[in-house]
Amino acid sequence: MTIRLQKFLSEAGVASRREGEKLILAGRVTVDGQIVRLLGTKVDPARNEVALAGRPLKPLAKRFVALNKPPKFLCTRRDTHDRRTVFDLLPADWGHLFTIGRLDADSEGLILLTNDGEFCQRVSHPSHGLLKTYRVILAKRLEPKMLKGLTLGLRDKGDFLKAKNVRLLSANNTRSEAELVLAEGRNREVRRMFKALGFRVLRLKRVAVGPVRLGELLPGKWRTLSRAEIESCLKPPVKSSRTARRN
């Protein structure tokens, strides 16, 4: 089976597809000993020898990982201020993985990582329909009547923010806990929604991405996804009966 050269470079863990295109255009990649600068070039990993700056490359084994991100860890491979990242929690030779989406530094919970670009694209794209579930602790009482406003949606800095479902778990005069399900994951969406309603978020934790649940995974620990979880993530979205009738 042939694949594009930049995809091969990505699967070999040496560059993202965009960075791979730059390496190809710069003449640093060879196929069977010949420099290739054409971006549309396809290679057969089983037959062609691909090298970067003279170093032979091979696709790395596909990995699919669930990690419980603690607070203050960044979802980036490197930080210019030398702050801790989620990659500090993984084996040293897994630096070729990339996160599927992000959690801000103060948030915690489930992060998925992989080196499979197609899996990343399918899981992260809103059209695929993978829901994300969050638990949030707020600094004052959340009244049940406010929940409807979150599911109807609100405007913030030009974005329309909306929860697919909200459930109040507990509430007293000093704090509340709620669970939110989002169809999309805009930047700091949960925090922005509650800030717009006048609430301060004390703790924000993602507990599920589609069929993958955080479960009993301890902070800072990781596990590989099961085959059933991977296949479930890749299933086509189920169309509602209303959508099916329109089509």
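Odds and ends about this structure:
- Listed conditions (1) among the hydroxyl-bearing types (Ser, Thr, Tyr); (2) loosely packed, with under 13 Cβ neighbours inside 10 Å; (3) under 20 Å from the mean Cα position of the chain (by Cα) are all met by Thr85, apart from (2).
- For the condition of a type outside the set (Gly, Ala, Ser), surrounded by fewer than 18 Cβ atoms within 10 Å (Cβ to Cβ) and in the same structural domain as Lys221 (by TED's automatic domain parsing), Pro71 qualifies.
- Checking Leu138, Leu180 one by one, the residue that is at pLDDT 95 or above, closer than 18 Å to Gly210 by Cβ and of a type in the set (A, V, I, L, M) is Leu180 and no other.
- Selection status of Ile100, within 24 Å of Ser226 (Cβ to Cβ), touching a Leu at 6+ places or on another chain (Cβ under 6 Å), of a type in the set (A, V, I, L, M) and at pLDDT below 95: yes
- Inter-residue pairs, beta-carbon under 6 Å, first closer than 11 Å to Gly33 by Cα and in segment 43-59, second in a loop (DSSP other than H, G, I, E, B) and of a type in the set (A, V, I, L, M), 6+ apart: Leu52/Val14
The values are calculated or read from the model by the stated rules, or taken from the named source; none is laboratory data. Just so you know, these numbers come straight off a predicted model, no measurement behind them. Note that we place each Cβ from the backbone using ideal geometry, even for glycine, and neighbour counts take in every protein chain shown.
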